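What follows is one structure encoded as structure tokens, with my remarks underneath.
Taken together, the values in this text are just the output of simple stated rules run on the coordinates, not laboratory data. Note that the structure is predicted; figures quoted are calculated from it, not measured. When we count neighbours, we look across all protein chains shown, and the Cβ atoms used for this are built from the backbone with ideal geometry, even at glycine.
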């Protein structure tokens, strides 16, 4: 039986928190999304809309923007020095965690020493010929044959950190606890998106990647409640998600348009070329995401 191909990343949390969206200058009433619903239900529905807008942003960029583990399985050809270069399908690559090489699926052998693996510009993964390091074993004499195809399986973390605080953090605290540590590494600059209390923090050099408790290089300047966003995503990605969420929530008079002849109001999320009040918002969201689109 062949090894199953790892599934695509399933987005389970939005890139913009409910409180952060409500604090943005959208001038929308998001407290009555479910007629007669409780505040908890209103928050849950807004969360769902933000999740859909975040998934739309991923689709626009043809990749997951939030940090997640990815596995690529490729037929590769070593260069004349026996080195292998693989173009990552998701970027930016933050860390390579596993590499296996071999002549066939049943003969893949993991590299126990990843010191010869490095990432160029967050996009290209370079695997140095094991014969030029202290490791040998996946081919005879421990060297890759230049020009001869082989199989490679590479697991790496790519994307931007996107999490929330799972516990309140007081001003002066030197560590925070996050919902997911994926994409967080020592020295990273993260932004805490807490309406009126936003601040940037730096991950301490001694942080161990994968831990949900993240030590900070300097103490917090503000007090933050649980649920506040903690993110490495660029601010324009946040704005794109907000723009598209507003477009999803807006309604306009569509009584004269099929198939909405009997409904006074309908969805407004259309591009500017299709008309509609939200068209400019969709186009703006697309423009903001353009620098983050994956080029195959």
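Some observations on this one:
- Counting neighbouring Cβ atoms within 10 Å and putting the fewest first, the residues 194, 29, 83 line up as 29, 83, 194.
- One decimal place: the segment residue 41-residue 199 gains 54.0 nm when fully extended, by the rule 0.36 nm per residue minus the C-alpha distance.
- Averaged over residues, the count of other Cβ atoms within 10 Å places the peptides 217-230, 238-251 in the sequence 238-251, 217-230, highest first.
- Compared with the alpha-carbon gap, the fully stretched path from residue 251 to residue 107 is longer by 46.1 nm at 0.36 nm per residue.
- For region 147-203, taking the reciprocal of the average inverse distance between every pair of different Cα atoms yields a Kirkwood hydrodynamic radius of 13.9 Å.
- FRET efficiency for the pair residue 120 and residue 149, taken as 1/(1 + (r/R0)^6) with r the Cβ-Cβ distance and R0 = 30 Å, rounds to 0.85.
- Estimated FRET transfer efficiency (residue 223, residue 13; beta-carbon r; R0 30 Å; 0.05): 0.85
- Here residue 189 and residue 295 are evaluated by their C-beta separation; at R0 = 25 Å the FRET efficiency comes out at 0.45.
- Burial ranking of peptide ranges 178-189, 96-107 (average Cβ count within 10 Å, highest at the top): 178-189, 96-107
- Shape of region 13-52, Cα gyration tensor, a/c cut at 1.5: oblate
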